[in-house]
Amino acid sequence: SWSSWFSTAAVPSTRHGQPPRVPNLIGGTFVDSKSSSFIDVINPATQEVVSQVPLTTPEEFKAAVSAAKEAFPSWRNTPVTTRQRVMLKFQELIRRDIDKLAMNITMEQGKTLKDAHGDVFRGLEVVEHACGMATLQMGEYVPNVSSGIDTYSIREPLGVCAGICPFNFPAMIPLWMFPVAVTCGNTFVLKPSEKDPGASVILAELAMEAGLPDGVLNIVHGTTDVVNSICDDEEIRAVSFVGSNTAGMHIYARASSMGKRVQSNMGAKNHAIVLPDASIDATLNALVAAGFGAAGQRCMALSVVVFVGGSKSWEDKLVERAKTLKVNNGMAPDADLGPVISKQAKERICKLIQSGIDDGARLLLDGRNITVPGYEQGNFVGPTILTDVQSNMECYKEEIFGPVLLCMRADSFEEALEIVNKNKYGNGASLFTSSGVAARKFQTEIEAGQVGINVPIPVPLPFFSFTGSKASFAGDLNFYGKAGVNFFTQIKTVTQQWKDLPGGSGVSLAMPTSQ
Ligand code: NAD
């Protein structure tokens with residue numbers, strides 16, 4: 001198979017000759033782009049060039065959309081049970097190849113192997129969910145809305161849909177998108193992140209092995225140009241985006257001005273409020289895991305902790321625990337966190353930490369100057385904790401997207417709620433307490449789409465939807481769950497009359513009513 005080099009990818013070599021080029025997938029064939037512009041995919045722990053990803057040409061993009069358009073009529077008419085069976089096989093193949101997928105993710109993205117397994121597994125659960133699509137997309141029926149007349153609604157696929165992915169979950173996020181879309185009967189054009197496109201290609205190979213017909217899933221690589229082509233193309237009916245606010249709001253505006261449906265999941269600044277009655281051990285573990293896991297590069301990572309009442313003893317213990325975390329190449333079995341995605345990302349994170357210090361925050365733990373023996377070139381940032389953070393500081397206002405936890409203090413629960421609600425983002429928020437009354441107040445008053453109570457920021461399982469709000473989401477229908485099925489289908493309402501028509505009732509031009 002084309003991606004045989006992925007199988008040997010466990011041993012990234014300093015390649016003699018050219019690094020492999022990542023193919024596009026057009027009409028069921030993996031093809032090397034004719035483009036002369038390529039971007040290096042770089043292992044963030046070693047700086048080795050893993051592969052090269054092409055900036056797809058306009059002709060190749062057009063060919064991918066045409067392939068998806070051509071595949072649509074017969075795919076939409078394929079029985080839903082058959083489409084489900086493809087997903088059933090697909091989930092089995094993902095399980096078979098989960099190690100290969102995880103290895104590729106660690107190599108291109110940097111997260112630890114264990115975390116990379118989690119990346120695949122959380123996507124796999126969406127595939128499992130799509131196996132029940134016949135039930136999920138059922139319509140509605142009301143008999144006898146008027147004498148001899150029945151009305152029913154059916155959910156139909158839209159046509160060609162497209163997805164644009166971020167770097168931080170190379171498997172999970174493509175799997176939030178195309179399995180739901182294609183099992184609803186759509187065809188798809190996927191644009192993976194140019195920073196780590198490998199997992200998408202492996203997943204596409206598996207989907208085809210599972211029996212997905214040619215043209216139902218296509219892949220085009222690239223950056224802004226191919227994204228703009230997706231927004232502008234008249235054949236594409238819906239766009240799913242996950243990534244930063246800059247790109248997401250641009251895509252939302254541009255694609256919806258072309259009449260497309262758009263769902264856009266964007267940036268975050270997730271807060272936890274810790275009340276004095278919170279269970280100490282469990283809370284500290286949760287804060288450390290959610291703050292530093294995946295080197296803070298999760299949209300549901302915890303960025304800010306607001307301690308109500310005294311914070312000193314909490315902070316001391318937090319530092320103690322954070323210090324025990326092992327920063328290493330994600331391939332190392334004992335690694336707790338791997339590198340951040342790029343040199344530029346590391347620079348930006350360090351700049352934001354410094355700006356916090358310059359603005360008066362106190363540095364309790366500094367991860368900026370860490371070196372990892374054997375991987376001196378890696379983009380490593382160790383766990384970093386700043387306290388005395390105020391909401392007007394740049395480090396607070398910006399999404400840092402690194403292993404940096406900001407600590408704030410509030411005198412009361414109300415004041416803490418106000419801090420969180422004033423933040424422009426609304427992805428997730430959590431509360432740590434042993435008071436049910438406080439928990440209930442939090443659930444009611446918090447302005448965030450995903451709420452954790454004694455749970456750090458939880459990403460919902462696929463029978464619910466991913467429900468970020470405020471600046472973290474643009475659109476009407478969220479990813480996966482019921483909303484995801486609604487996003488990828490449109491409703492057709494049919495009214496039919498079957499009765500022995502009594503002759504000679506005459507013609508009435510008045511608005512028909514059921515009276
Ligand atoms: P990014 O916005 O830089 O890139 C995402 C995608 O958009 C890529 O495919 C990229 O090629 C494309 N892109 C980038 N800039 C563009 C532009 N100007 N015009 C058109 N296309 C453009 O995001 P990233 O750095 O890959 O991912 C990190 C971000 O994603 C963070 O902000 C994180 O919070 C967010 N994220 C959000 C969620 C969520 O569900 N809310 C999940 C994961 C990541």
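Remind me, what semi-axes does the range 281-367 give for its equivalent ellipsoid, largest first in whole Å, using sqrt of 5 times each Cα gyration tensor eigenvalue? Show your work: numbers first, answer last.
Values: eigenvalues 94, 68, 26 Å².
The three semi-axes for the range 281-367 are 22, 18, 11 Å.
Which translational diffusion coefficient, to the nearest whole µm²/s, is obtained for the range 374-455 from the Stokes-Einstein equation, given a Kirkwood hydrodynamic radius over C-alpha pairs, 4 °C and 1.567 mPa s?
Values: Rh = 14.6 Å.
The estimated diffusion coefficient comes to 89 µm²/s.
In whole Hz, what ³J(HN,Hα) sequence does the range 49-66 give by Karplus (6.51, -1.76, 1.60; θ = phi - 60°), x for Gly and Pro?
The phi angles translate into 7, 7, 6, 10, 10, x, 8, 3, 6, x, 5, 5, 4, 4, 5, 5, 5, 5 Hz.
Using only DSSP helix segments of four residues or longer, with each worth -39500 (n - 2.57), what per-residue ellipticity at 222 nm results for the chain after dividing by its residue count and rounding to 500? Could you put the intermediate results ahead of the total?
On the way: 17 runs with 191 residues, N = 515.
Value at 222 nm, helices only, nearest 500: -11500 deg cm²/dmol.
Under the Karplus relation 6.51 cos²θ - 1.76 cosθ + 1.60, θ = phi - 60°, what is the ordered set of whole-Hz ³J(HN,Hα) values for the range 179-192, x standing for Gly and Pro?
Coupling constants for the range 179-192: x, 5, 4, 6, 6, 6, x, 7, 10, 9, 10, 9, 10, x Hz.
Work out from phi, with θ = phi - 60° and the Karplus expression 6.51 cos²θ - 1.76 cosθ + 1.60, the ³J(HN,Hα) of each residue of the range 400-413, listed in order in whole Hz, and give x for Gly and Pro.
So the J values, rounded to whole Hz, are 7, 6, x, x, 10, 10, 9, 10, 10, 10, 9, 7, 9, 4.
Which of K470/K492; K260/K470; K323/K424; K34/K351; K114/K346 have a Cα-Cα distance over 27 Å?
K470/K492; K323/K424; K34/K351
Using only Cα atoms, tell me the angle between helix 245-256 and the longest principal axis of the chain; keep it within 0 to 90° and round to the nearest 10.
Helix 245-256 and the main axis of the chain meet at about 10 degrees.
Could you pull out every residue, at least 5 positions away or on a different chain, whose amide H is within less than 5 Å of the one on I149? Hs are placed 1.01 Å off N in the peptide plane, and Pro or chain starts have none.
Hits under the 5 Å cutoff: N144.
Quick check: the distance between the Cα centres of the range 81-106 and the range 253-312, to the nearest angstrom?
About 29 Å separates the Cα centre of the range 81-106 from the one of the range 253-312.
Can you list residues from other chains, or at least 5 along the same chain, whose modelled amide H is less than 5 Å from the amide H of K260?
none
Normalised radius of gyration for the chain, please: alpha carbon Rg relative to 2.2 N^0.38 Å, two decimal places.
Dividing the Cα Rg of the chain by 2.2 N^0.38 Å gives 1.06.
When Lys and Arg each count +1 and Asp and Glu each count -1, what net charge do the other residues less than 13 Å away from F30, Cβ to Cβ, add up to?
With Lys, Arg at +1 and Asp, Glu at -1, the neighbours total -4.
Two-decimal Rg/Rh of the range 13-76 from alpha-carbon positions, Kirkwood Rh?
Values: Rg = 15.1 Å, Rh = 13.4 Å.
Result for the range 13-76 is an Rg/Rh of 1.12.
Of the peptides 476-483, 34-41, 294-301, how do they stack up when ordered by the mean number of other Cβ atoms within 10 Å, highest first?
Working: 476-483: 19.4, 34-41: 15.5, 294-301: 25.6.
Result, highest mean Cβ count within 10 Å first: 294-301, 476-483, 34-41.
Arranged from highest to lowest average of other beta-carbon atoms within 10 Å per residue, in what order do the peptides 52-63, 135-146 appear?
On the way: 52-63: 19.6, 135-146: 12.9.
Put in order of decreasing packing, that is 52-63, 135-146.
Would you please give the residues with an amide H less than 5 Å from that of N218, counting only those at least 5 places away or on a separate chain, with H modeled from the backbone geometry?
Those lying under 5 Å, H to H, from N218 are F188, V189, L190.
Using per-residue counts of other Cβ atoms within 10 Å, averaged over each peptide, order 213-219, 100-106, 26-32 from highest down.
The most tightly packed comes first, giving 100-106, 213-219, 26-32.
Could you check what % of the DSSP bridge pairs in the chain are antiparallel, to the nearest 5? Write out the running numbers ahead of the final one.
Values: 30 of 71 bridges.
Roughly 40 percent of the beta bridges in the chain run antiparallel, per DSSP.
Given a 1.4 Å probe and every protein chain left where it sits, what share in percent of the accessible area of the chain is carbon and sulfur?
Numbers: 11400 of 21480 Å².
C and S atoms contribute 53 percent here.
The values are calculated or read from the model by the stated rules, or taken from the named source; none is laboratory data. As the structure is a computational prediction, the values presented were derived from the model and not from experiment. All Cβ positions, even for glycine, are placed from backbone atoms using ideal geometry, and neighbour counts span all protein chains on display. Ligands, DNA and RNA are stripped out before the accessible areas are found, and what is left, the full protein with its side chains, is counted by its heavy atoms. Shrake-Rupley method; radii C 1.70, N 1.55, O 1.52, S 1.80 Å.
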